[in-house]
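Undergrad: Here you go, one structure.
What follows draws every value from the coordinates through simple rules; no lab data is involved. Because the structure is predicted, anything quoted here is derived from the model rather than measured. Neighbour counts are summed over all protein chains in view; Cβ atoms, including those assigned to glycine, are modelled from backbone coordinates with ideal geometry.
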Amino acid sequence: MECQSCGACCAHFRVSFYWTEADDAPGGIVPVALTRQLNAHQRCMAGTSSRTPRCAALEGEVGQWVGCRIYAQRPSVCREVTPGDPQCLKARAALGLDAPPAQGTSPQDQ
Ligand code: SF4
Ligand code: SF4
């Protein structure tokens, strides 16, 4: 459960994905209202395309307690980050959470 006291990967990267993952496309599941158009082919999670990213679907306080409000509908990129992988460690280091997490479930991979 270490990731549920982290959330760094939801507050560091631009979380972008192919537009058809949004639910205004057939078969899409990500709530489109929580996304922003990046270009003709890509969307991102609202809040993640700024200098101080924080996904609009993230609840709680990073480094304390967090949860994903759209866990079952999160984009594919969120499912790919795993605790302790390079992306995870990069995000944690950027936010001052230097100690690698123990294996556990994540807002992105519960
Ligand atoms: S995958 Fe890593 S950066 Fe993301 S919530 Fe878990 S511990 Fe934090
Ligand atoms: S797991 Fe949820 S809160 Fe985190 S970036 Fe993805 S959609 Fe946002």
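Undergrad: As a test of the formula, what do you get for the chain when each DSSP H run with n ≥ 4 contributes -39,500 (n - 2.57) and the sum is divided by the residue count, at 222 nm and rounded to the nearest 500 deg cm²/dmol?
TA: Taken over the chain, the calculation gives -3000 deg cm²/dmol.
Undergrad: Multiply the residue gap between residue 98 and residue 72 by 0.36 nm, knock off their C-alpha separation, and tell me the result in nm, one decimal place.
TA: Gain on stretching residue 98 to residue 72: 6.5 nm.
Undergrad: Assuming 0.36 nm per residue, please report the length gained on full extension of the stretch residue 61 to residue 2 beyond their Cα-Cα distance.
TA: 19.9 nm
Undergrad: Please check: in the Gaussian network model of the chain (C-alpha springs, under 10 Å), which one of 11, 40, 91 has the largest mean-square fluctuation.
TA: In the Gaussian network model the winner is 40.
Undergrad: I want to verify the translational diffusion coefficient of the stretch 34-84 in µm²/s; compute it with Stokes-Einstein, Rh as the Kirkwood radius over Cα pairs, at 20 °C and 1.002 mPa s.
TA: Estimated via Stokes-Einstein, D reaches 178 µm²/s.
Undergrad: Could I have the simple spin-label model distance between residue 20 and residue 49, label points 7 Å from Cα toward Cβ, reported in nm to one decimal?
TA: According to this spin-label approximation, the distance is 2.0 nm.
Undergrad: Same structure, new question: Mind pulling up the Rg/Rh value for the chain? Radius of gyration and Kirkwood radius, both on Cα.
TA: 0.96
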